[in-house]
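Q: Here's a structure for you.
Nothing in this text is a laboratory measurement; each read-out follows from the coordinates by a stated rule. Note that the structure is predicted; figures quoted are calculated from it, not measured. Neighbour counts run over all protein chains shown; Cβ positions are idealised from the backbone, glycine included.
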Amino acid sequence: MQAETTVQAMKGSIHPKKRSRWAYVMSELKRNKHYYLLMSPYMIIFFLFTVIPVVFSLGLSFFYFNMLEFPRFVGWQNYSRLFLNDDIFMIALKNTFMFAVITGPVSYIACFVFAWIINELTPKVRAVMTLIFYAPAISGNVFFIWLIVFSGDSYGYLNGFLMKAGFILEPIQWLLDEKYILTIVMIVQLWLSLGTSFLAFIAGLQTIDKTLVEAGAVDGIKNRWQELWFITLPSMRPQLLFGAVMQITASFAVADISIALAGFPSVNYAAHTVVTHLMDYGTIRFEMGYASAIATVLFGLMIGTNMLTQKMLRKIGE
């Protein structure tokens, strides 16, 4: 009898807490229902076209599926084939890492440096310079410019200049020689990298509270470098994190530039990337299970690199 009384007392002490938590959650939902209503269109679209495809791709990576037959479960076979038997994927992975390691940090730093310099200009000049630096990212058919520059005949701008200057005697096939292809694609990628991150940094610099600079001068900040490290960068953490995500995504997802300049596939897969490998199996061979495994590996690389970058950016100003 005493035990039953104790159990009832315990239930009576637990359930009110659960009810109070549930009541609190429901009251918050009811109080903020207008915000959730405004967010619902985006959240529905994001869930339908981002979350569900990612989950579906992860599950499909454990199946063999050729778009004609019913999916057949193969376990880890796609991943073992990817890392142990697919030499082209290893070339693509190496090229993608080179893109990420070189173009990612360089373009990220370049975006911030140019934004920092342009922010010091007068408003009218700043607007013009922002448009000039951002124009390559929004220009259509921009690859044709570089195709003319690196044309393999004597009419190409680079070959014409080098032949006229006496550095070479005959034209170089820049986009057909595997020694030059990857470097050229990286150069073009860097040229196109002043995009959304650049605008985000410009906006972040515009929102820095000027009183922080004055307070920093009183507290002992002596030069612009100290001001940059202890005031500017910590005040721009949201924009820095956003820019890091955008640059990481762009550096890992290189495909259009490689295809436009070097062809698909490139000579000896010199400019082959993980995304072009994914396009090969997903849109040409229709091996959807294997393509899903490639996409899952790429997604994991992006998430891991993004987490590492954010961890490093949180230490700024400490």
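Q: Suppose every K and R has +1 on its Cβ and every D and E has -1 on its Cβ; what is the size of the dipole of region 76-313 about the Cα centre, in Debye to the nearest 20?
A: About 460 debye.
Q: Project the alpha carbons of the chain onto their principal axes and report the range along each, largest first, in whole Å.
A: 104, 70, 34
Q: Which residue, chosen from Ile102, Ala135, Ala293, occupies the Cα position most advanced towards the positive end of the dipole of region 76-313, where the dipole is computed from +1 (Lys, Arg) and -1 (Asp, Glu) charges on Cβ about the Cα centre?
A: Of Ile102, Ala135, Ala293, it is Ala135.
Q: Rounded, prolate or oblate, given the Cα gyration tensor of region 150-299, with a/c below 1.5 counting as rounded?
A: It is oblate, given that a/c is not under 1.5 and a/b is not larger than b/c.
Q: Provide, for q = 0.19 Å⁻¹, the log10 of I(q)/I(0) from a solvent-free Debye sum over equal Cα point scatterers in region 60-214.
A: Calculated log10 I(q)/I(0) at the listed q: -1.14.
Q: If you don't mind, there's one more thing I want to ask. If amide hydrogens are placed 1.01 Å from N in the peptide plane, which non-local residues have theirs closer than 5 Å to the one on Tyr64?
A: Arg72, Phe73, Val74
Q: Could you give the angle, 0 to 90 degrees to the nearest 10, between helix 288-313's Cα long axis and the longest principal axis of the Cα atoms of the chain?
A: Helix 288-313 sits roughly 80 degrees off the main axis of the chain.
Q: Could you check which residue among Thr283, Thr296, Thr103 shows the biggest mean-square fluctuation in a GNM of the chain with a 10 Å Cα cutoff?
A: Per the Cα network of the chain with a 10 Å cutoff, Thr283 tops the list.
Q: Moving to a separate point now. As an exercise, take the mean of 1/r over every pair of distinct alpha carbons in region 140-179, invert it, and state the Kirkwood radius in angstroms.
A: About 10.3 Å for region 140-179.
Q: State the Cα centre-to-centre distance between region 52-81 and region 120-136 in whole Å.
A: If we compute the Cα centre of each part, the gap is 48 Å.
Q: Note down the relative contact order for region 76-313 as a percent, whole number, built from C-alpha pairs under 8 angstrom at least six residues apart.
A: Rounded, it is 29 percent for region 76-313.
Q: Can you compute the helix-only [θ] at 222 nm over the chain? Use -39500 (n - 2.57) per DSSP H run of at least 4 residues, normalise by all residues, nearest 500 deg cm²/dmol.
A: So the calculated ellipticity at 222 nm is -21000 deg cm²/dmol.
Q: I'd like the orientation of helix 87-98 relative to the chain: the angle between its Cα long axis and the longest Cα principal axis, in ° from 0 to 90, rounded to 10.
A: The answer is roughly 90 degrees.
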